[in-house]
Amino acid sequence: MVTMEFSVVVPALNEESYIEECLKSISKQTLPRESYEIIVSDGASRDRTAEIARKYADKVIISERRGIWWGRNLGAKAAKGKYLAFIDADTRIKENYLETVQKHLDRGAVGLTAAYDVDGSCLKTRILGCMSCYCWWLSSKVGSTRLIGINLCVPREVFLKVGGFKNYALEDAVLDRELRKEGETYFLIKKLAVTSPRRLKAYGAAGLCRYYLELGLVDSGRIKRPYIKKYIKHQRYSPIR
């Protein structure tokens, strides 16, 4: 009997344009298919997301409650794998993704994100993508790893121990802080994922930097005074997540 090594959780909401390619990439891993399961956690999409998901996923969970943190937690609750891999619905993973991250998790890593490319983007955007990945990687070398929800892996027992994702704007950063109390987290410089450029297209490079900066300030509690809060635009950005 093959051990269930991974539960791959894909949170989704109205993702019919992206989710099929995402799930196809997960289905084509170099690990034996019976050693991992695919779980789609859908927030009651109004398009064909759930219909498409059922062609590839082992489990499709529908919830009227929305929020990417909630969707990920709901998927994890139904998981049976030793490890959890959270992949965004607009992201594809390379065929050796699970096999590669498993080596690090087997050695004791409690959290891991792999570097990524931005799909079909211009040269300027690709350069910005590479620079951001190298920044995350360098941070990890000095003990300040930043796990990113685009692709994020964690042992299921550790995930449950820290209480999963919390209802924060930067839920992946909060999880990272909790995981680091349990052991080492890693940002792999090896590019194992390809994500869509929709956030960049929607807000541009400057707007996206402001988005993450503001969310980080809000989550850290550094913005508390009402007259400062009124200038924060992060609530306008949150539906894109």
Revision key, fill the gap. When every residue in the range 119-149 that is farther than 13 Å from L188 by Cα and surrounded by 14 or more Cβ atoms within 10 Å (Cβ to Cβ) is compared, the one modelled with the highest pLDDT is G149
Review point. For the range 64-84, what are the residues that are exposed (fewer than 15 other Cβ atoms within 10 Å of the Cβ), in contact with a strand residue (DSSP E or B) (Cβ under 8 Å, 6 or more places away or on another chain) and more than 23 Å from L31 (Cα to Cα)?
Key: none
Point to revise | Candidates D88, D47 - the one that is assigned by TED's automatic domain parsing to the domain that holds T113, among the acidic types (D, E) and over 22 Å from V110 (Cβ atoms) | key: D47
Practice item. Quickly run through the range 158-171 and pick out the residues that are surrounded by fewer than 22 Cβ atoms within 10 Å (Cβ to Cβ), touching a residue at least 24 places away in the same chain (Cβ under 8 Å) and assigned to a helix (DSSP H, G or I). Key: V158, L160
**Study point:** Every residue from the range 66-83 that is touching a Gly at 6+ places or on another chain (Cβ under 7 Å) and in a loop (DSSP other than H, G, I, E, B)
**Key:** R66
Practice item. Considering only residues that are in contact with a helix residue (DSSP H, G or I) (Cβ under 8 Å, 6 or more places away or on another chain) and over 18 Å from I150 (Cα atoms), look in the range 1-47 and name the one that is surrounded by the most Cβ atoms within 10 Å (Cβ to Cβ). Key: Y36
Practice item. Only one of these is within 16 Å of the chain's Cα centre (by Cα), aliphatic (A, V, I, L, M) and modelled with pLDDT under 95: I68, I38, I87, I26. Name it. Key: I68
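The values are calculated or read from the model by the stated rules, or taken from the named source; none is laboratory data. Quick caveat, the model's predicted, so the values are computed rather than measured. Neighbour counts are summed over all protein chains in view; Cβ atoms, including those assigned to glycine, are modelled from backbone coordinates with ideal geometry.
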